[in-house]
Amino acid sequence: MKTTKSKIRCGGMLTILVLALGLAVEVAKTDFTFSESPVERKQLRVLFIGNSITNRIQNTLDRVIQASPYSESTFEYVAPDGATLQAHMYSENTMSKIRSSDWDFVVLQEFSNRPTLPNGRGRSPFYEAVANLSEAIKESGAQVVLYMTWGRRDGDPQYPQISPDYETMQQLLIEGYREAARQVDAIIAPVGVAWQRVRRNKPELGRQLYSDTIHPSYKGAFLTACVLYATLFDADPTELAFNDSLSAEEAAYFRSIAKEVFIPFVDLNGDGIVDIDDLLMLIEHWVQDEPSVDIAPPPFGDGIVDVQDLEVLMSYWGQPVDDPTLIAHWALDETEGMIAYDSTGTNFAFVIGGAVWQPSGGQVDGAIQLDGVDDCAITGSIPNPAERPFSVFAWVKGGAPGQAVLSQMGRARWLCADPSEGNLMTELKAAGRGVNELLSQTIITDGNWHRIGLVWDGSHRTLYVDDVAVAEDAQDNLQGLENGLYIGAGSAMEPGTFWFGLIDDVRIYNRAVTP
C-alpha cells in the first residue's frame, strides 16, 4: 500500500522505530492536552498588552477567571484603542508596566491586520515589535504569550488584495503569529483558530461572534476568554461551569471548541486510527520542519519533527481518534434499516433502493452493498467544499467504468470511475471554461478493495488510490455548493452511474489530509 514503508532503511530510522514502540507502552493513554489538576493551584499574575481587541474581552475574561479555581489571580491590561505593538514598544508607560511587577505571563496582541501584511506594509514592524517587547518581558522574568486574533468578518477592506475574505485573512494571521512565536520562543493563545472552527462548523453562529466587522460580541468574548483561560492555566475549559450571559448549550459548545484547538491532529493519514502508517509518516519527516506532522507542543508544534511529536503520537497508539476536523463520517457498519449514521452526529444518510448491509463484509468492519441499478445513500447538506481545504476518502470494491462513489447533488461527481477504463477521476473543479476533470491512470474497478481519496489544499487537487498519489494538478479554487451527497450514484442519479459493489468508511475532513 504505502511507499513510505520502504523508507526505513538506515540504523537511525530503526532506532526511532524501536523508541516509538517503547513509547507506545510507556505513554499509552497519556493525555498531553492539559496538565493534571495540581493539588495546590497556582494563582497567576498576567499582563495584557494590546488594543480594543483586548479591552473588549477584558470584563468577560475577568468573570471567567473569577468563576474558575484561579480566582485569586491578578490580570492587568494596557490596551488603548488603535494601539499597535510598535507603538507599545516606544511607550514608556507600557515598558514601565512590564518592569513594574513579577508577571508570570505577558500577553501581546497586535493590531488586527498587521501580521497579515508583507514587508514594507507593516509585517516587519510586527516582528520587530514582538522581538523587542519579548526581550524586555523575558528580562523581567515573565513568559511571552502571543494572543492570535481572528480575521475580520468579511476580509480586510483596507488591503483587499491581500485579504479579500475572512478565510484568507485568518490563514495569514495564523502564519504570522506562528512565525513570530518561533522567532522569540513564545506561547501562542490560538484564539483565531477557535473562531475559525466556529465559522467553519456553524457559519451563522460564527458571524455572531462579531459586534461589528472587527470586534467581538459577547459570544466572541466568551469564546476568546475560554481559549485564553486554557492557554494561561494549562487547564481544561470544558470543566468550567460558567456560562456568562449565554445559553447553557452555546456556552458548552464554545468551551468544547476552546478545548479542541489544543488537541493535536494525530491521525496523520485520516484513516481513523493511530497506527504504523502514521508513525511512518512521522519518521519520514524526522528532524524536518513539516507542519503536517509537527504536532507537539499543541496546537502548532515547534518547527521541527522530533521526540516531542513522537511522544504525543504514541500516546494515541492503536486507539481510534476523535478528530475535530472530521466533519462527516459514514462508517456504513449498520446491520439493518434505512439510515446510515454519521459518527460526527450531524448528517445521517437515507438509504434507498435494495441496498444490503454487510456487517462483516467491509474493509473496516461492515459495508453497504449496492446493486448498480437504483441503490444509494442520500445525505443532507454539507459545508461548501470550495470555501476551504478539504479531503474525502472511502473504501470501495467492485464498480464499473462510469460509475460513481460519491457525488454532490446537481453539481459534480467527487469520486468516480472514468467511463473508459474505470480509472479513478474527479469532476470537482474550478468554475469557468478550459478547466478539466482530474483523471488518474489507476483502475479502481478490478474487484479488489481500494481506499480512494480526493484532497484539495487550496491550491492543488490530488487523487489517491491506496494512500498513494496517482494524479495532481494546480487548482486555486473549486466550484461547490452546500448541497447533499449521493453515496453510490452520480450527481443526477442518472442510469449507469450507480455503483455496483461495496462502499465502506466514507470520511470528509475540513483540512488537507496527507495519507
Report summary line: Taking alpha-carbon centroids only, region 232-303 lies from region 313-379 a number of Å equal to 25
Report summary line: Relative contact order of region 326-509 (C-alpha contacts under 8 Å, at least 6 apart) in percent is 31
Report summary line: Per the helix-only model, the chain has a calculated mean residue ellipticity at 222 nm (DSSP H runs of ≥4, -39500 (n - 2.57) each, divided over all residues, rounded to the nearest 500) of -8500 deg cm²/dmol
Query - Part-to-part distance (alpha-carbon centres) for region 84-107 and region 394-447, which is given in Å - result: 57
**Report entry** Out-of-range pairs (alpha-carbon distance over 28 Å; input Lys259/Lys429; Lys42/Lys138; Lys97/Lys202)
**Finding:** Lys259/Lys429; Lys97/Lys202
Query raised in the report: When DSSP beta bridges are limited to those with both residues in region 326-509, what percentage is antiparallel, rounded to the nearest 5?
Result: 100
Query raised in the report: Rounded if a/c is under 1.5, else prolate if a/b beats b/c, else oblate: with a ≥ b ≥ c from the C-alpha gyration tensor eigenvalues square-rooted, which is region 45-260?
Result: oblate
Query raised in the report: Relative contact order (percent) for region 45-260, with alpha-carbon contacts under 8 angstrom and 6 or more residues of separation?
Result: 20
Report summary line: In nanometres, the difference between 0.36 nm per residue of separation and the alpha-carbon distance of Val468 and Thr213 is 87.5 nm
Query raised in the report: Taking every DSSP beta bridge that has both residues in the chain, what percent is antiparallel when rounded to the nearest 5?
Result: 75
Query raised in the report: In percent, what relative contact order does the chain have, based on Cα pairs under 8 Å that are 6 or more apart in sequence?
Result: 12
Requested in this report: Return the Cα extents of region 326-509 along principal axes one, two and three, sorted largest first, each rounded to a whole Å.
Outcome: 44, 34, 29
Query raised in the report: Using only Cα atoms, what is the ratio of the radius of gyration of the chain to 2.2 N^0.38 Å?
Result: 1.04
Requested in this report: Estimate the FRET efficiency between Ala386 and Gln43 by the formula 1/(1 + (r/R0)^6), using the beta-carbon distance for r and 51 Å for R0, to the nearest 0.05.
Outcome: 0.60
Report summary line: Taking a crude spin-label model, label points 7 Å out from Cα along the C-beta direction, the Thr74 to Gln183 distance in nm is 3.1
Requested in this report: Which order do the peptides 471-479, 194-202, 150-158 take when ranked by the mean count of other beta-carbon atoms within 10 Å per residue, highest first?
Outcome: 194-202, 150-158, 471-479
Report summary line: Quick note, region 278-407: a/c under 1.5 would make it rounded; otherwise a/b > b/c is prolate and the rest oblate (a ≥ b ≥ c, C-alpha gyration tensor); here it is prolate
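Every number here is computed from the coordinates shown, using simple stated rules; none is lab data. What you see is a predicted model, and the numbers here were worked out from it, not measured in a lab. Heads up, the Cβs are rebuilt from the backbone with ideal geometry, glycines too, and the neighbour counts pull from every protein chain shown.
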